[in-house]
């Protein structure tokens, strides 16, 4: 059995800390936002924003931002505006 060197352990710890910091940044506004996949198909099933966009409530999303985790509360404004967005932009009734 091989024993990992201390450099590998430190690298793994640094990566875990970086992931935690990115998650905190993703929920810096404390909400999960809705990105319309009809407007921005590249966002479907992507944990990281593939390009700049705008959520349904108007919040800018920048390329490289990670999505807020499921534990973050949902943006009420997004949900209030979602039906209107789909009706007006995509003729969904």
Fill in the blank from the handout: Subset of the stretch 32-73, residues touching a helix residue (DSSP H, G or I) at 6+ places or on another chain (Cβ under 7 Å), more than 21 Å from residue 21 (Cα to Cα) and in a strand (DSSP E or B), comes to 53
Practice task
Run down 42, 63, 49 and say which single residue is within 18 Å of residue 86 (Cα to Cα) and without any contact (Cβ under 8 Å) to a residue 60 or more places away in the chain.
Solution key: 42
Practice task
Would you check which residues across the stretch 60-73 are at pLDDT 90 or above and closer than 16 Å to residue 37 by Cβ and list them?
Solution key: 61
Problem - Test: residue 78 is at negative phi, buried (at least 17 other Cβ atoms within 10 Å of the Cβ) and free of Cβ contacts under 8 Å to residues at least 24 places away in the same chain - result: no
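The values are calculated or read from the model by the stated rules, or taken from the named source; none is laboratory data. No experiment lies behind these values; they were computed from the predicted model shown. A quick note on method: Cβ atoms are made from the backbone with ideal geometry, for glycine too, and the neighbour counts reach across all protein chains shown.
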